[in-house]
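Data block below; observations after.
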Amino acid sequence: PAPCHHAHIFWWPTPCPSSMPMSLPTHTAPPPGPDGLTAHLQLELAQLRTELAQARQRQERLLQDKLKAEEASLAKSQFLANMSHDIRTPMNAILGLLRLLQSTELTPRQLDYITNTESAARSLLGLINDILDFSKVEAGKMVLDLQPFRVDRLLRDLSVVLSVNVGNKPIELL
C-alpha cells in the first residue's frame, strides 16, 4: 500500500481517502422561501405562533376569571359582615329583654321557657358571630380572643338546642 500523507492515529493498509473519488448524497433540500426559510420551517413557525397566541388568550381569560372571583369573594365577605351586624343588633336586644324578664316573678314553667329561649338565642348569636369571624378570616383580619367557659353550661345549652330537633323520638338529652 502507498503511504498516506494525512495525519492519522492508525495506519490502514488502504489507499488515502484523498485519493479516492467521493460520492455525495443526491437528495436536495427544498428551496427557501422569500424570508430564507423552507416551507417545513415556515409551517412549524406558524404553528408555534398560533400556539403562543392561544396560550396568551388562555392566560388572559384566567386572569380575568381570577379578578372576577376576587371581586365576588370581597362582595360576599362584605355581605356577611353587614348581615351579621344587622342580625346581631336585634339578637342582643332579645337577650337583654329575656334577662329583664327573668328578673320578674315567673312560674317555674315560665322560667324554664325563658331560660331555654335565652340559651337558643345565645346559640344563634354564637352562629352569627361565627359567620362574622369567617368573613374576618377571609379578609385576613381574624384575631383570636381566648375566653374561659364552663363545659357543663356549654353541654346544657347544646342539649337545649338539640332537644328541639328530637321532636317525638324516644330520645332523652341530659
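Residue ranges 110-120, 150-160, 47-57 sort as 110-120, 150-160, 47-57 when ordered by packing (mean number of other C-beta atoms within 10 Å per residue, highest first).
If you take every residue apart from Ala55 with its C-beta less than 15 Å away from the C-beta of Ala55, what net charge results, scoring Lys and Arg +1 and Asp and Glu -1? Charge balance near Ala55 sits at +2.
Phi-derived couplings, Karplus 6.51 cos²θ - 1.76 cosθ + 1.60 at θ = phi - 60°, listed residue by residue for segment 64-78: 5, 5, 5, 4, 5, 5, 5, 5, 5, 5, 5, 4, 5, 4, 5 Hz, with x used for Gly and Pro. If R0 equals 25 Å, the separation of the Cβ atoms of Val137 and Lys169 corresponds to a calculated FRET efficiency of about 0.10. Its residue count N fixes a reference of 2.2 N^0.38 Å for segment 73-174, and the Cα radius of gyration divided by that reference is 1.30.
Just so you know, all these numbers are worked out from the coordinates, no wet-lab data involved. All of these numbers come straight from a predicted model, not from anything done at the bench. Every residue, glycine among them, receives a Cβ derived from its backbone with ideal geometry; neighbour counts consider all protein chains shown.
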